[in-house]
Structures are given as structure tokens and as C-alpha cells.
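Before any comments, here is the structure.
The values are calculated or read from the model by the stated rules, or taken from the named source; none is laboratory data. Owing to the predicted nature of the structure, the values given are computational and were not obtained by experimental measurement. Here the Cβ positions follow ideal geometry from the backbone for every residue, glycine too, while neighbour counts run over all protein chains shown. Keep in mind that these areas ignore ligands, DNA and RNA; they rest on the heavy atoms of the full protein, side chains included. Shrake-Rupley method; radii C 1.70, N 1.55, O 1.52, S 1.80 Å.
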Amino acid sequence: EAGVAQSPRYKIIEKRQSVAFWCNPISGHATLYWYQQILGQGPKLLIQFQNNGVVDDSQLPKDRFSAERLKGVDSTLKIQPAKLEDSAVYLCASSLVLGALDTEAFFGQGTRLTVV
Amino acid sequence: RKEVEQDPGPFNVPEGATVAFNCTYSNSASQSFFWYRQDCRKEPKLLMSVYSSGNEDGRFTAQLNRASQYISLLIRDSKLSDSATYLCVVKTNAGKSTFGDGTTLTVKP
């Protein structure tokens with residue numbers, strides 16, 4: 001079974017530039033998550049989709065971050081403009097059904113962003 | 001106070017040792033609990049779910065104490081390959097998952 005695909009794997013940009021990350025979840029998974037993981041910390045949820053609707057974006061810095069999940073499959077996360085503190089690994093995950101409590105989330109390999 | 005707190009570690013133990021990690025959570029509406037393992041520069045992967053009655057998977061035992069709002073992970077007979085960061089995850093009945101910051105384990109020969 002194919003896993004969660006993310007691209008690019010690495011990205012280096014200058015502050016105030018824009019960047020976009022792409023995620024393709026496991027086929028059939030209705031729920032998609034974007035997490036930000038800063039070095040030494042656990043993943044922090046940025047946004048959660050159920051199909052193409054947003055379930056939770058309470059921790060998404062909406063002044064600079066945006067995400068969409070067109071057609072309920074692939075998703076993109078954008079940062080515009082980037083700040084130094086955005087340097088982190090951005091992890092995409094998917095799970096089968098929202099609210100099915102025991103379903104695990106499967107993670108992609110992440111995009112490591114460095115803002116200089 | 002963080003929603004999910006873990007022993008900061010790091011834990012450095014010899015091969016064959018038994019080691020235990022604790023994780024406390026503040027949201028009493030939490031319904032599901034998991035331990036994930038994350039190797040250096042890799043993505044988190046599910047290690048095991050934590051059930052109310054406690055559960056065991058080989059050398060790994062997970063326990064849940066709802067009254068005190070904590071979960072634990074016990075690793076017996078540690079192997080070098082157990083070296084990783086262990087992340088506690090708490091999920092509410094609304095499906096929101098919160099990760100702890102992880103506990104780093106290094107098993108030495």
C-alpha cells in the first residue's frame with residue numbers, strides 16, 4: 001500500500017519569500033492533517049481536513065499560512081511571507097475516518113524547511 | 001500548562017534494562033491514547049494504542065490511568081534498536097490529536 005507522499009523533501013528560502021508544500025494522502029483516507037514539528041518538540045497540528053472541509057485550523061497562523069484540499073484528496077500548505085521561526089519539518093498525515101477514535105494517523109516523510 | 005506533558009528525558013540505559021515513560025494529559029474529554037515512535041530525522045510511526053485495560057505487545061506494555069489522567073509505556077529487555085523518541089498522543093472524542101514533545105531513549109551496549 002502506498003504511503004503518504006510529500007514534496008519537496010527539503011526547501012531553503014529567504015525570509016519574506018513564499019513557499020508551498022504538497023501532500024498526497026493514502027488512498028481512501030478522508031482525514032488529512034498538516035503538522036509543524038520544530039526541532040526538539042512534538043508535532044503541532046496546524047490544520048485538519050475532513051474530505052475537503054476544514055475541521056480544525058485553530059492553531060494555523062492565518063496571517064501567513066494557508067492550506068487547501070481541493071476535491072478532498074491532495075492538499076497544499078503555503079507560507080507567505082516566511083519568517084525565521086517557520087523553520088521546521090512540515091508533516092502531512094492521513095487517517096481513515098474522523099471520529100473513529102482508534103484509527104492511527106499515517107505520516108509522510110515531511111518537508112524540512114529552512115528559512116534564512 | 002501544556003495539554004500533553006511527557007518526561008523530558010533523555011533516558012540513557014544499557015541493553016537489557018527496563019525503562020518506563022509517563023505522559024500526563026489535561027483534557028478530561030480525551031478518549032483515545034497512543035504511543036508513537038520517531039527515529040532521528042524520520043516521521044512518527046504508531047507503536048501501539050493504549051487501551052483502558054492496559055495492553056502488551058511483546059516487550060512493550062502500555063497502561064492508562066483515567067482517574068489520574070496519565071498513560072505509561074514500559075519497555076522490557078531494551079534493545080539497541082529501541083533508541084528513538086517516544087511520543088505520547090491524546091485524542092479527544094472530536095477527533096483532535098495532541099502530541100507530547102517526546103522522550104528520547106538511548107540504549108547503549
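Annotation: A:Thr111 fulfils all but one of (1) within 29 Å of B:Gln31 (Cα to Cα); (2) within 13 Å of another protein chain (Cβ to nearest Cβ); (3) crowded, with 20+ Cβ neighbours inside 10 Å; the unmet one is (1).
Note on region B:37-103: enclosed strands (runs of 3 or more DSSP E) holding 1 or more residues that are in contact (Cβ under 8 Å) with a residue 24 or more places away in the chain and either touching a Phe, Trp or Tyr at 6+ places or on another chain (Cβ under 9 Å) or exposed (fewer than 15 other Cβ atoms within 10 Å of the Cβ) (or both) are B:45-50, B:60-65, B:70-75, B:84-92, B:97-99.
Listed here are the residues, each with its yes/no results for (1) polar (S, T, N, Q); (2) in contact with a Pro (Cβ under 9 Å, 6 or more places away or on another chain); (3) under 26 Å from A:Ala88 (Cα atoms).
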{"residue": "B:Pro8", "(1), (2), (3)": "no, no, yes"}
{"residue": "B:Pro14", "(1), (2), (3)": "no, yes, no"}
{"residue": "B:Ala17", "(1), (2), (3)": "no, no, no"}
{"residue": "B:Ala20", "(1), (2), (3)": "no, no, no"}
{"residue": "B:Ser30", "(1), (2), (3)": "yes, no, no"}
{"residue": "B:Cys40", "(1), (2), (3)": "no, no, yes"}
{"residue": "B:Val50", "(1), (2), (3)": "no, no, no"}
{"residue": "B:Asn55", "(1), (2), (3)": "yes, no, no"}
{"residue": "B:Leu64", "(1), (2), (3)": "no, no, no"}
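The single condition among (1) open to solvent by 50 Å² or more (accessible area, probe 1.4 Å); (2) within 13 Å of chain B (Cβ to nearest Cβ); (3) among the aromatic types (Phe, Trp, Tyr) that A:Tyr33 does not meet is (1). B:Phe21 meets the stated requirement of being among the aromatic types (Phe, Trp, Tyr), within 14 Å of B:Leu87 (Cα to Cα) and within 14 Å of chain A (Cβ to nearest Cβ). Which members of region A:36-59 meet the condition of being touching a residue at least 24 places away in the same chain (Cβ under 8 Å), open to solvent by less than 20 Å² (accessible area, probe 1.4 Å) and part of a loop (DSSP other than H, G, I, E, B)? A:Pro43, the sole residue that qualifies. Any residue at all in region A:60-75 that is within 14 Å of chain B (Cβ to nearest Cβ) and of a type outside the set (Lys, Arg)? Yes, the conditions are met somewhere in region A:60-75. For region B:1-35, the candidate set comprises residues that are assigned to a loop (DSSP other than H, G, I, E, B) and touching a Phe, Trp or Tyr at 6+ places or on another chain (Cβ under 7 Å); within that set, the residue that is surrounded by the most Cβ atoms within 10 Å (Cβ to Cβ) is B:Asp7.
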